[in-house]
Amino acid sequence: MMIFRNWKYLNLFCAIVAAVAISACSSTKFVPENSYLLSDLVMKVDNNQVSKEELKKQVGQRENLKILGFIKFHLGMYNLSSKKKTNDWFKRIGEAPVIYQEFLTQRSMENLRIYLKNKGYYEVNIQRTPVYHPKRKKVKLIYTIETGSPYRIRNYSYEIEDAKLRPILFSDTVRQVVKTGDIFDVDQLNSERIRLATQLKNRGYYNFSTDFIQYLADTALDNREVDLVIQIGDADLQDKSDSVLHHKKFVVRNYRVNTNFTPPQLTDDEAVEATDTIFEPPYTFIYKERMRYNPELLESVNRMKDSTYYSLATVEKTFRSFNQLQQFKAVNLSFDPVPGLGNDSIGVIDCSVQLSPLARQGFSVELEGTNSSGNLGVAGNLNYQHLNLFRGAEILDVTLKAALERQEALISDNALNFNTRELGLEASITIPKFLSPFNGQRFFKYQVPKTVFTAGYNYQRRPDYTRTIANFKFGYSWKSKAFRTNYLNIVDWNLVNLSEFNEEFISSIEDLYIKSSFTDHLIMATNYTLLDNTQKTEIDNTYHYFKWSIESAGNLLAAAAQLSGRSKYETVDSDTEETLSYYRVFSTRFAQYMKTDFEYRYGYRLDEYNSIVSRAFLGVAMPYGNFDVMPFEKKYFGGGANGIRAWQVRTLGPGTYEAAEDEYPNQSADIKLEGNIEYRYPLLGIVEGAFFLDAGNIWAINSSDNRDGALFKFDEFYKQIAIGTGTGLRFDFNYFVFRLDLGFKLRDPSLPEGRRFIIGNYPITSEHFNLSFAIGYPF
């Protein structure tokens, strides 16, 4: 994080924006004579139930891309180019003017009629009005649409030729998409066809498809009503027989699993490799040279055996389970009917599972630049991964991390060297089973949890102290829905030891809470996290992200110490001269607290290019019992590249507290409330732009916190909200996003009450700006 101090860059930025704005004003530079620039496209619709954005998608011509709804930045960049050159830089990064074409409006009107008819509006009146501005060589195109009243479904009935299907089709009418009284919407009818076909495929009807489902609609009724009949044919799709041909239910007989499947090549000269076979009815395992995987693992992943008949749901679950093993670069499931077996109502199929394995072991090296609170450095990771440690798809990950950073000491001045060093080793084993004393698989219908063991050790040498962290973690992770992931850590153990303090540094920390953070402590926690993320599953223009975490620490250790009659350790605090008594484990005081976080994000895509993303966060941590302050690494902080970006990280709050200039810049607290909203838009090539507004603060929960104004009070906290705004750039390199954000303080809670807004009360200086850069989006 860096303070923005050089105004010439801000002036240069403003000059570029002004030049583009002027070019956008002269937007007809490349519009030919007797032609017009389509300057604006307006949809006037008399029905709020019809989406204007969906209507615009049916139009053949749309105006040039806009930022903030009115700035044609890309057209302005194109107009900066030379008329003499056909492919200069400005033309490549800009957008050519959209020239109005009359014939395309005729086609667009027909597309609009078809779209609205499919949505149930049969009496549509569409008028187009081009408003010409000859002197400016521009035209504004207005579509005026009167949808009329929609046709609605009066009666909805079934004609089912195969009577055996009737009980299945009527067993789940709660999820029926089309109902009496609904608008006669073709898209809804297709959704209902897919639902019915899927319902039958989940009950054994392997060969059933939407081709067997047709609709018969009678629209020749008064009052815009439709009588709708859904016709479900028998297995004779071509109607070659007058009698009813019943659909067959299928059972899966055998499973043929090829664990070394290689896709066929285009050439014919490839030698056929020898394979071996293990036959364990109903499974046949095919492999080359050596069987990589324990057959019991592959059998346990197969969920098709859970149902008596073929089920599309169990096939999809099996496909997910194979992919979640993270062993294969390709998974393919196919089925072949077995002729001569079965009867008129029951058929037999065999399943073929083709698995293309990934490399069993691998190394990777990562090198990255770091920026921690404005301190530049370099870090590297050496990773080793074994994908199949014990032939049961156990994944071993070992990471060795080393980092150097140039950090200014708070007391001594040795910032010219890389004086901060970090060295760490972490190893984890992920087992694709639910390891537990009891059988809990029946509770996990979507996916069986993975069991994860993690252990690590980290050494950090800083200018003012040395810290070591040893950790061990045991827990589970699993999906309960396509968009929902669960994390449960039964044991989350961290032992933090600090040594080699700079005595002047310790003496300079006036706040008792911060000073308490620089003590040895043990964390023995249990935590759970629920994560919902529909960003990849939503088909509309919105997505939701919700994360809830809860953590409890120290309660089992405290209970064990009390039940065993262990005596408390006593010591005298050198600052307050109070006698402290607490339990210790491994000669270290253990923390005791409860903590919970809530985070919600909402993303809305305004159009094909522009989007708005918002975020809300609330976190509360309550220390008690054996340690009445939160461990430093478990506290909340404000500011930074992923928080309120107008402040440097850990310089905001808590409450109205204002740290002295020479005070340790590491403000943290027990409560955090924050909200963010960001508008994102494409700029130039891989560069995206953003405008943002951030608000929030942190507060202390313990009355013993001696920082003025730090304590949370219900009748005061809303007056202590910090507000920042700004703009940023995102460089999307596909595999990562590099981000620059320039934040500006709008409201500073540390200023006197009544004069906390910057604009109008104080001259704008560089101290009100903060430039930060980071990897990835802020939320």
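The values are calculated or read from the model by the stated rules, or taken from the named source; none is laboratory data. Not measured: the values here are computed from a predicted model. Ideal geometry is used to build each Cβ from the backbone, glycine not excepted, and the neighbour counts take in all protein chains shown. SASA here: full protein model, heavy atoms, side chains in, ligands and nucleic acids out. Shrake-Rupley method; radii C 1.70, N 1.55, O 1.52, S 1.80 Å.
Counting only helices (runs of 4 or more DSSP H) that sit wholly inside the stretch 46-145, those with at least 3 residues that are touching a residue at least 12 places away in the same chain (Cβ under 8 Å), closer than 30 Å to residue 684 by Cα and of a type in the set (A, V, I, L, M, F, W, C) are 73-79. Of note, residue 280 does not satisfy the criterion of being within 24 Å of residue 480 (Cα to Cα) and modelled with pLDDT under 95. Within the stretch 432-484, if we keep just the residues that are free of Cβ contacts under 8 Å to residues at least 40 places away in the same chain, polar (S, T, N, Q) and part of a loop (DSSP other than H, G, I, E, B), the residue that is surrounded by the most Cβ atoms within 10 Å (Cβ to Cβ) turns out to be 436. Number of residues in the stretch 36-64 that are open to solvent by 20 Å² or more (accessible area, probe 1.4 Å) and within 21 Å of residue 90 (Cβ to Cβ): the value is 2. Checking each residue of the stretch 204-220 against the condition of being under 32 Å from the mean Cα position of the chain (by Cα), closer than 17 Å to residue 313 by Cα and not small (Gly, Ala, Ser) gives no match. Residues in the stretch 164-192 that are within 34 Å of the chain's Cα centre (by Cα), assigned to a helix (DSSP H, G or I) and hydrophobic (A, V, I, L, M, F, W, C): 174, 186, 189.
Of all the criteria given as (1) in a strand (DSSP E or B); (2) among the aliphatic types (A, V, I, L, M); (3) surrounded by 15 or more Cβ atoms within 10 Å (Cβ to Cβ); (4) at pLDDT below 90, the one not satisfied by residue 376 is (3).
Condition check ((1) open to solvent by 20 Å² or more (accessible area, probe 1.4 Å); (2) of a type outside the set (A, V, I, L, M, F, W, C); (3) part of a strand (DSSP E or B)) across all residues:
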| position | (1), (2), (3) |
| --- | --- |
| 609 | yes, yes, no |
| 642 | yes, yes, no |
| 647 | no, no, no |
| 654 | no, yes, no |
| 658 | yes, yes, no |
| 661 | yes, yes, no |
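Note on the stretch 116-165: among residues that are within 23 Å of residue 38 (Cα to Cα) and among the aromatic types (Phe, Trp, Tyr), the one that is least open to solvent (accessible area, probe 1.4 Å) is 143. Looking at 620, 572, just one residue is open to solvent by 10 Å² or more (accessible area, probe 1.4 Å), among the β-branched types (Val, Ile, Thr) and within 23 Å of residue 666 (Cβ to Cβ), and that residue is 620.
Of all the numbered requirements in (1) at pLDDT 90 or above; (2) in a strand (DSSP E or B); (3) open to solvent by 30 Å² or more (accessible area, probe 1.4 Å), residue 738 misses one, and that requirement is (1).
Scan the stretch 207-225 for residues that are open to solvent by less than 50 Å² (accessible area, probe 1.4 Å) and either under 12 Å from residue 247 (Cβ atoms) or aliphatic (A, V, I, L, M) (or both) and report the count.
Looking only at that region, the number is 6.
With respect to the conditions (1) of a type outside the set (Gly, Ala, Ser); (2) open to solvent by less than 60 Å² (accessible area, probe 1.4 Å); (3) under 13 Å from residue 169 (Cα atoms), residue 203 falls short on a single one, namely (2).
Residue count for the stretch 231-243 satisfying the condition of being within 42 Å of the chain's Cα centre (by Cα) and either modelled with pLDDT of 95 or more or open to solvent by less than 50 Å² (accessible area, probe 1.4 Å) (or both): 1.
Residues in the stretch 301-319 that are open to solvent by less than 60 Å² (accessible area, probe 1.4 Å) and either closer than 24 Å to residue 287 by Cα or part of a helix (DSSP H, G or I) (or both): 301, 302, 303, 304, 312, 313, 314, 315, 317, 318. Here's a check for you: in the stretch 675-720, which residue that is among the hydroxyl-bearing types (Ser, Thr, Tyr) and without any contact (Cβ under 8 Å) to a residue 60 or more places away in the chain is farthest from residue 753 (Cα to Cα)? Checking each candidate, the answer is 703. Only one entry of 228, 196 meets the criterion of being surrounded by 17 or more Cβ atoms within 10 Å (Cβ to Cβ), among the aliphatic types (A, V, I, L, M) and assigned to a helix (DSSP H, G or I), and that entry is 196. Taking the stretch 326-361 as the range and being among the acidic types (Asp, Glu) and open to solvent by 40 Å² or more (accessible area, probe 1.4 Å) as the test, the residues that pass are 336, 344. A search for C-beta distances below 9 Å between a residue of the stretch 392-416 that is open to solvent by 40 Å² or more (accessible area, probe 1.4 Å) and any residue that is modelled with pLDDT under 50 and hydrophobic (A, V, I, L, M, F, W, C), counting only pairs 6+ apart in sequence or on different chains, returns 406/415; 406/416; 408/415. The listed residues are 356, 364, and the only one of them that is touching a Phe, Trp or Tyr at 6+ places or on another chain (Cβ under 6 Å) and either modelled with pLDDT of 80 or more or more than 21 Å from residue 459 (Cβ to Cβ) (or both) turns out to be 356.
Among the residues of the stretch 575-584, count how many are among the hydrophobic types (A, V, I, L, M, F, W, C) and either at pLDDT 90 or above or open to solvent by 90 Å² or more (accessible area, probe 1.4 Å) (or both).
0
I need every pair where a residue in the stretch 297-320 that is closer than 14 Å to residue 444 by Cα has its Cβ under 7 Å from the Cβ of a residue that is among the aromatic types (Phe, Trp, Tyr) and part of a helix (DSSP H, G or I), sequence separation at least 6 or different chains. Final answer for the pair search is 301/322. Filter the stretch 663-714 down to residues that are part of a strand (DSSP E or B), surrounded by 22 or more Cβ atoms within 10 Å (Cβ to Cβ) and among the small types (Gly, Ala, Ser), then give me how many there are. Total meeting the criteria: 3. When the test is whether a residue is farther than 16 Å from residue 621 by Cβ and surrounded by 12 or more Cβ atoms within 10 Å (Cβ to Cβ), residue 591 does not pass it. Taken together, the criteria place residue 105 among residues that are over 30 Å from residue 727 (Cβ atoms), surrounded by 13 or more Cβ atoms within 10 Å (Cβ to Cβ), more than 36 Å from the chain's Cα centre (by Cα) and modelled with pLDDT of 85 or more.
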